[in-house]
Amino acid sequence: MSKKNTAPRLGNASNSIGSLLASLTCILVGLVIGFIALLVLGWITMAQDGNAVSLGQMLQKTWNSGFKAILSGGFYSTANAMGMGVRTEILQAAPLIMTGLSVAFAFKTGLFNIGAAGQYTVGAYFALYAAIVLKLPWWACLIASALGGAIWGAIPGVFKAFLNVNEVITSIMFNWIGLYAVNTLIYQGGTGAMYNTNTTKTYTIKQASPESLLPTFNIQVGGKDYFGAIFLPTIGIFVAIVAAVLIWVVLNKTTFGYELKACGHNKNAAKYAGINDKKNIVLSMTIAGALAGLGAGLFYLSGSKEWEPLVSTALPAAGFNGISVALLASSNPIGCIFSALFIAHITVGGGFMDASIFPSEVSDIISGVVIYLCAFSLLFKSGILKMFQRQGKARKAAPSAEENGKEREA
Amino acid sequence: MWLLLKYTLLYASVLALVALGGMFSERSGVINIALEGIMVIGGLMGVVIINILNAAGVPVFLGVLLTILISGLAGTVYSSLLAFSSVNLKADQTIGGTALNLLATALAVVIAKRINGTDSPKISYNANTNKVLNNLNFSFQIGPLTLNWFIVVAVIALVAAWFILYRTRFGMRLMACGEHPQAADSVGINVYKMRWCGVLISGFLGGIGGVAYIVPAVGDWNFEMGVAGMGFLALAVMIFGQWKPLGIAAAALFFAVFRAMANIFDSIAFLNALNWPKEIYNMMPFIASMVVLAFTSKKSRAPKAEGVPYDKGSR
């Protein structure tokens, strides 16, 4: 009971500071565990070589060829690949913001959208179809990707609202159905319209339909173009940021958003207040799906990667990393932008480690640990809130005594 | 036909083992969505142990037994992370489980790559690489039918699960904790302890299920794909089986037929004539589970208190 009472009294400001500090704690612990993992990996490699190693040497090696890369990966830059790290990071961050928003939006309405990976997959198919086969302009392809995701998101919503099947189970099943369906549709026994038999991937959008590629941009640093001419970032990141702001507005400033949140807080109370809970469940899953699908559009329409139907046996990581993004941001749409940048940062960094010693998946371990910690970050948060409360009380105690004094004087 | 039976029994044993594990966890009141991750860890450990035992040259029977036990223990250890977060820290069980699924695949890939010393997350344990202990040692023949030891383990687990759940004090107490933990606590049952037990049992069975899925069917495994959704299918089996051992056994057989078709459709004449791509068959168990859940969920009776962290203070 006490927890429920304190939150509103403390107000939004200290509540969100509490969330922020809790998230930072999660990140810090995650990084420490990542460092330990790297240390162990380094130790194993050195022990295999049969050399006696001192702890100092090991720490140095782990730091230089492993952890430093993870921390600074997103800022990686060479003379002929200027701004490469930053470009890769914002390229990956754009879909992550979207899948993070997808999960966060569903969370706010009381649903757990574990299906962002499947919605992302179907969104990618719609985007690629619109681009390679229909040769539509980029904005139409983006709408197509959102549509694909929306359809795939609506299904678990319908199952939940009308058939009483838990959305977690449905989403998981439709993740796999979506993956296999997309692989089949693209490959079609080697005859698929988008399938390039020479590369065993889909045709590059650059060849098939250049107008479907997202526009690129460059920035000036010290009078020079920051990004080398071959590596230009796309406007995807700005689309994602605009989407985050829009979702924030919808959730916090509109009646529609209020109704969705009311359903999430207490379904029965919302029903009693005349809100159609079934419609809202389907709608919020549809919107969540559209967000994840749009994320896939932002990634695949940047032309940096093609779909490989024969080797895509695992669900896209962007979908599941969306869960980390949303949890780290405490489901705050604006927070998703920053947490997505963080996850993209360590993922890009993972790829820059010395691969002969440190597999790049160490960064996945870090984000896995971060979600695990986020699951009980409420614990951190309530601890931090208690700290605030104690300070608040101490501050309040003094002026109230003064006020009492004044009253008496009067 | 024998081939269909072989693969059906193989996958039924996997699904039954893992779903029984899930049943113990959920009957104690903890949603175990981490089954997929537990299977990955169990499978990885099993494969690693097979290679270690092969190098050590242990007798085949002992090797098989140790592999099963150690992979089960690996699953148990991994599931303790779920128990700790959901019982002691009262964390959201679905999120904790999801985290463990992601963590398991990442861990498995990193460990597999380190073992290989290359960038490949594929580990082999077939007759070509392993002379003493390999995947074929886990199977045996009865006439024209190939069976494997995990089927035996699954049958034992099924009987034991039924007996433990319905005929022992422990089982009754476990179920009480999943239905009404407050009432259970009021008569002196330690809810935290029972929930820990439930999750750890699910870890043990899930770990064995992981190695049962990976080892008898193929001779090498790419850990990048985890266990391809088998743990989630086991969850559907558990729901379809209504959290009861016998129901789970029947549901496991039903789903296993669909899963087995993906392996053998090209050797069955009329399926081969349809000329469908393999992916359709891969999809089938998932579609089947959705159809089944759509029809049964309205009547579905899950343990009442599952997913709700038990707080002694709020009794």
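Throughout, read-outs are computed from the coordinates displayed, never taken from laboratory work. Here the structure is a predicted model, which means the values were calculated and not measured. Here Cβ is always computed from backbone atoms with ideal geometry, including for glycine, and neighbour counts include all displayed protein chains.
Descriptive notes on the structure:
- CD proxy at 222 nm, helix term only [per DSSP H run n ≥ 4: -39500 (n - 2.57); per residue of chain A; nearest 500]: -23500 deg cm²/dmol
- When all alpha carbon pairs of chain B are counted in 20 Å bins from zero, the resulting P(r) reads 34, 56, 10, 0 %.
- Put in order of Cβ neighbour count within 10 Å, fewest first, the listed residues A:GLU361, B:GLU179, A:GLU211, B:GLU279 become A:GLU211, B:GLU179, B:GLU279, A:GLU361.
- Per-residue Cβ neighbour rank within 10 angstrom, fewest leading, A:ARG390, A:ARG87: A:ARG390, A:ARG87
- Peptide B:223-236, shielding by other chains (average Cβ, 10 Å cutoff): 3
- A Förster radius of 35 Å, combined with the Cβ-Cβ distance separating B:ASN116 from B:PHE140, puts the computed FRET efficiency at roughly 0.70.
- Cα-centre dipole for the protein assembly as shown with unit charges at Cβ (Lys and Arg positive, Asp and Glu negative), debye to 20: 1920 debye
- When the charge dipole of the protein assembly as shown is built from unit charges on Cβ atoms (+1 for Lys and Arg, -1 for Asp and Glu) and taken about the Cα centre, the candidate among A:TRP248, A:ILE186, B:VAL110 whose Cα reaches farthest toward its positive end is A:TRP248.
- The mean count of C-beta atoms from other chains within 10 Å of the C-beta of residues in A:15-21, rounded to a whole number, is 0.
- Proximal aspartates and glutamates relative to A:LYS206, as straight alpha-carbon distance under 19 Å, when same-chain residues fewer than 8 apart are discounted: A:GLU306, A:GLU308
- Relative pair counts by distance (%), Cα atoms of the protein assembly as shown, 20 Å bins: 16, 50, 29, 4, 0, 0
- Note on B:280-287: average number of Cβ atoms from other chains within 10 Å of each residue's Cβ is 5.
- Among B:ILE201, A:ILE219, A:ILE97, B:ILE115, a tally of other beta-carbon atoms within 10 Å of each Cβ gives an order, fewest to most, of A:ILE219, B:ILE115, B:ILE201, A:ILE97.
- For chain A, the Kirkwood estimate of hydrodynamic radius, built from reciprocal distances between every pair of different alpha carbons, is 23.2 Å.
- Net dipole in debye of chain A [+1 Lys, Arg Cβ; -1 Asp, Glu Cβ; about Cα centre; nearest 20]: 1260 debye
- Peptides B:167-174, B:281-288, A:344-351 ordered by average Cβ neighbours within 10 Å, highest first: A:344-351, B:281-288, B:167-174
- Sequence-distant lysines (8 or more away, or on other chains) whose Cα lies within less than 19 Å of A:LYS271: A:LYS108, A:LYS160, A:LYS261, A:LYS279
- Put a dot 7 Å past the Cα of B:LEU65, heading toward its Cβ, do the same for B:LEU89, and the two dots end up 3.9 nm apart.
- Size of charge dipole - the stretch B:198-315 - debye, nearest 20, with Cβ of Lys, Arg +1 and Asp, Glu -1, no other charges: 740 debye
- For the stretch B:174-315, fraction of C-alpha pairs farther apart than 19 Å, in %: 63 percent
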